[in-house]
Structures are given as structure tokens and as C-alpha cells.
Amino acid sequence: MSTPEMYMIKDHSGGIYWLTVGGDSKAVRVGVDHETPAYRAADGKFYPAFKRPVFSGEYRASGSFLHSFIRDLRGHGLDSLAEMLSSGRASHD
């Protein structure tokens, strides 16, 4: 099993998607968390950053892994992340 790698992808709202990717020669495991930015509302209340899991999946390690992963993201309502990944507009830090 390889050491999982973590990728950070910023969305248009200022939130962050954290992708954790790991596995071995047979399977790839992916977890996605979404972190909302901290903000102060119009009423003066402060809302801290909040991170929650939004997706996890396991795929056969093959050339079609990314296609299947993007399809599953769309199926879970994560269209903006799927679009960023499929168009190559996502950058990671």
C-alpha cells in the first residue's frame, strides 16, 4: 500500500476540496472532503471554517480510473469539482 497523497483544489466560492488518494497496484482509494471558508455574516455573527467528508470511493487501478472517478463525482452532485478535474482547470498545492 502506498502512502496516501493529499491534494487541495480551491472552488469558486472560496471553499477547498481536499482529495486524499492512496492504494496499491490493484486498487486506488479516493476520499474527498470539502472545507467551507470562515466568514462573518451580515448580522455580525462569525462562522468558522468547516470541513466535512463528501465522497469516498475505491477503483481498480487502471487507465479508466479518472474517468470513473469523475463520473461518480457528478453522480454525487459534485459537478463543479468534476468539471474542474475533467477540464484541467484544477490546480493543487
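The values are calculated or read from the model by the stated rules, or taken from the named source; none is laboratory data. From a predicted model like this one, the values you see are computed outputs, not experimental measurements. Backbone-built Cβ (ideal geometry, glycine too); neighbour counts: all protein chains shown. Remember, those area values only see protein heavy atoms, side chains included, never the ligands or the DNA or RNA. Shrake-Rupley method; radii C 1.70, N 1.55, O 1.52, S 1.80 Å.
Within region 65-88, identify whether any single residue is assigned to a strand (DSSP E or B) and surrounded by fewer than 16 Cβ atoms within 10 Å (Cβ to Cβ), and answer yes or no.
Here is the first cut: in region 65-88, the ones assigned to a strand (DSSP E or B) are none.
No, every residue in region 65-88 fails to be assigned to a strand (DSSP E or B) and surrounded by fewer than 16 Cβ atoms within 10 Å (Cβ to Cβ).
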All positions within region 46-56 that are open to solvent by less than 100 Å² (accessible area, probe 1.4 Å) and more than 15 Å from the chain's Cα centre (by Cα): Tyr47, Pro48, Ala49
First in region 77-93 and closer than 15 Å to Tyr7 by Cβ, second anywhere and modelled with pLDDT under 90 and assigned to a helix (DSSP H, G or I), Cβ under 6 Å, 6 or more apart: Ala90/Met84
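Okay, residues lined up against (1) without any contact (Cβ under 8 Å) to a residue 24 or more places away in the chain; (2) among the small types (Gly, Ala, Ser); (3) open to solvent by 30 Å² or more (accessible area, probe 1.4 Å); (4) in a strand (DSSP E or B):
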{"residue": "Thr3", "(1), (2), (3), (4)": "yes, no, yes, no"}
{"residue": "Tyr7", "(1), (2), (3), (4)": "no, no, yes, yes"}
{"residue": "Gly14", "(1), (2), (3), (4)": "yes, yes, yes, no"}
{"residue": "Tyr17", "(1), (2), (3), (4)": "no, no, no, yes"}
{"residue": "Gly22", "(1), (2), (3), (4)": "yes, yes, no, yes"}
{"residue": "Val30", "(1), (2), (3), (4)": "no, no, no, yes"}
{"residue": "Asp33", "(1), (2), (3), (4)": "yes, no, yes, yes"}
{"residue": "Gly44", "(1), (2), (3), (4)": "yes, yes, yes, no"}
Every residue from region 22-68 that is touching a helix residue (DSSP H, G or I) at 6+ places or on another chain (Cβ under 6 Å) and hydroxyl-bearing (Ser, Thr, Tyr): Tyr59
